[in-house]
Structure formats: structure tokens, C-alpha cells
Amino acid sequence: MFHAAPPAFVPSMPPPMTHPLPSAPSAPHQIGQPAAFTPFVPSAPATHPPPKAEPSVPDRSLKPSDVGLLIGRLRPMVLPEDLCLRFLQFAESQTRKNVETCGILCGVPEQGRYRVTHLLIPKQSGTSDTCTTSQEEELFTVMDKEELITLGWIHTHPSQTAFLSSVDLHTHASYQALLPEAVAVVVAPKHGENGFFRLSESGLDSILRCRQTGFHPHDGPTLFTQCQHVSLAGHSLTVVDLRL
């Protein structure tokens, strides 16, 4: 569980994290049912006499199914199917010591969706339930060179199950506030679990209003959920280990 404010949507990365801190793939394995993305097409300019003005936003009294993808829907995000396995290989030495490892998921937008192409592992230190990164300017250098954007983050729970702690919730709220499709991946090797999470609408609002720090309880309904817009496919993953 690590904590960090996320980088901006254009190539940029989170400031230092102080703790718990996505060519088309073939036949993706669905984690959740990805939503198709339909771009908004503006109406043609009015002629004289002007037609009756249409509202600039969808009628929110309608159900989401009535207004298509303009309300509450996410662009699909495709992750490499070997992402978690590859990450565990790079995290193995720390996992053996029961120390967390974290990384940043980067990629590109393409054809109405996001594709994670790079895993960046920054210099870091950690404990059994924390991970703190340093020298984040190295991340900016790689992202600028490869023209990448930040699509989420990933970290291990060496001895715990896959979930988002209170600190993880605050970390991901910053990512999701900038990019609604941002994904938080948690790899829990001891329990053989991988979680692909995002905050619920009410959870995001609750966490953004919370001013507590460190580990602390949150009341209310479910704050996070498994991603329904994420799928796995066989495209390649480039890993850049900046710890070396």
C-alpha cells in the first residue's frame, strides 16, 4: 500500500509517495465487461432561423442506458496478460523479505480505449505495508521520451490479501480524479490473488472529502470495486526498472 498524488494526465507522474503510495490485441480475457467508447459528436451549427436549442449535457433524469456512453461510462483499458507475473518477478527479492514493491502503469490511448504498454519501477524503500518512492524525475524522463501517459499503479501485498487499504484509497483517489479509468492493481502472492480496483462513485467523493492521513477507518457503503472496464490481452509489456 503506497501513497502518492498521481501525475497529470499528460506525461507526468505522482510526487514522492509516502505510503499506501491503462495494434489491437486478439481475444482479450475479460476481467469485467469493458464498456465500448462512443465519442461525443457536436451538433451541426445552427442556421437561420436557428432551430430550437438542444441541451449541452445529457438529460440526467434518464437512465444511463437511455443516453448511451455519455454518463458514468468508462473507456476500456487493456492490460498485458502477464503484467502481474512480470511484476512479481521484479518484486521477488522484496517479497521474500515481506516488503512491498510498487510500480507505475503507463501507456497510450488508441481507438477509443487505453492500452498499458509500460511498467515503470521507481527507486523506492518499503516495509510490510508501505512503499515510498524517490527520484521521481527519472519517471518523467522515461515518460517524455516514450510519449506515455499514466494509467494507474501496481503494488504488492506480500503477506496480505488483495484489497485497497485506507491509504491506498487516498492514493488512488488522486489518480482517478485525474483519469476516471485509472486502475489500481494489487498483487497478493501469498494468497494467489490479483485485484484490479477502482473507487466507486460514492467512494471517490468520500475519500476526496476525507482529510485524515495514515491508516484510518472509513464508514459508508462499498468504497472500491473490481474494475469492469479492464481486460487482459497478449500484447507486450516493457518493464523499466529504475532501481538499478
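Considered as a group, the residues in the range 78-127 that are in a helix (DSSP H, G or I) and among the hydrophobic types (A, V, I, L, M, F, W, C) include one that is most open to solvent (accessible area, probe 1.4 Å), and that residue is Leu85. Is there a residue being more than 17 Å from Leu105 (Cα to Cα) and either open to solvent by less than 30 Å² (accessible area, probe 1.4 Å) or not basic (Lys, Arg) (or both) anywhere in the range 227-243? Yes; the residues of the range 227-243 include at least one that is more than 17 Å from Leu105 (Cα to Cα) and either open to solvent by less than 30 Å² (accessible area, probe 1.4 Å) or not basic (Lys, Arg) (or both).
Could you please let me know if Arg73 is open to solvent by 20 Å² or more (accessible area, probe 1.4 Å), at pLDDT below 95 and more than 13 Å from the chain's Cα centre (by Cα)? Here the answer is yes, as Arg73 does meet what is asked. Only a single item in (1) farther than 26 Å from Arg115 by Cα; (2) in contact with a Leu (Cβ under 6 Å, 6 or more places away or on another chain) is not met by Gln176, and it is number (1).
For Leu208, the conditions (1) in contact with a His (Cβ under 8 Å, 6 or more places away or on another chain); (2) modelled with pLDDT under 95; (3) among the aliphatic types (A, V, I, L, M) all hold with the exception of (1).
Please find, within the range 128-140, the residue that is farthest from Phe87 (Cα to Cα) out of those that are part of a strand (DSSP E or B) and open to solvent by 20 Å² or more (accessible area, probe 1.4 Å). Please lay out each step first, then the result.
Looking only at the range 128-140, we keep the residues that are part of a strand (DSSP E or B), and these are 131-134.
Okay, now just the ones that are also open to solvent by 20 Å² or more (accessible area, probe 1.4 Å), so 132, 134.
Values: Thr132: 17, Ser134: 19 Å.
Filtering the range 128-140 for residues that are part of a strand (DSSP E or B) and open to solvent by 20 Å² or more (accessible area, probe 1.4 Å), the one farthest from Phe87 (Cα to Cα) comes out as Ser134.
Filtering the range 141-152 for residues that are farther than 20 Å from Leu204 by Cβ, of a type outside the set (A, V, I, L, M), touching a Cys at 6+ places or on another chain (Cβ under 7 Å) and open to solvent by 30 Å² or more (accessible area, probe 1.4 Å) leaves an empty set. In the range 179-224, the qualifying residues are those that are among the basic types (Lys, Arg) and assigned to a helix (DSSP H, G or I), and the one that is nearest to Gly152 (Cα to Cα) is Arg209. Restricting attention to the range 162-204 and to residues that are touching a helix residue (DSSP H, G or I) at 6+ places or on another chain (Cβ under 7 Å) and more than 17 Å from Leu223 (Cα to Cα), the residue that is surrounded by the most Cβ atoms within 10 Å (Cβ to Cβ) turns out to be Val187. Applying the criterion of being open to solvent by 100 Å² or more (accessible area, probe 1.4 Å) and not acidic (Asp, Glu) to the residues of the range 205-226, the residue that is nearest to Leu179 (Cα to Cα) is Arg209. When you scan the range 156-166, do you find a residue that is part of a helix (DSSP H, G or I) and more than 26 Å from Arg96 (Cβ to Cβ), even just one? The answer is yes, given that some residue of the range 156-166 is part of a helix (DSSP H, G or I) and more than 26 Å from Arg96 (Cβ to Cβ).
In the set (1) at pLDDT 95 or above; (2) over 19 Å from the mean Cα position of the chain (by Cα), the condition left unmet by Glu100 is number (2).
The values are calculated or read from the model by the stated rules, or taken from the named source; none is laboratory data. Owing to the predicted nature of the structure, the values given are computational and were not obtained by experimental measurement. Every residue, glycine as well, gets a Cβ built from its backbone with ideal geometry; the counts of neighbours run over all protein chains shown. Just so you know, the surface numbers come from the protein's heavy atoms only, side chains and all, with ligands and any DNA or RNA stripped out. Shrake-Rupley method; radii C 1.70, N 1.55, O 1.52, S 1.80 Å.
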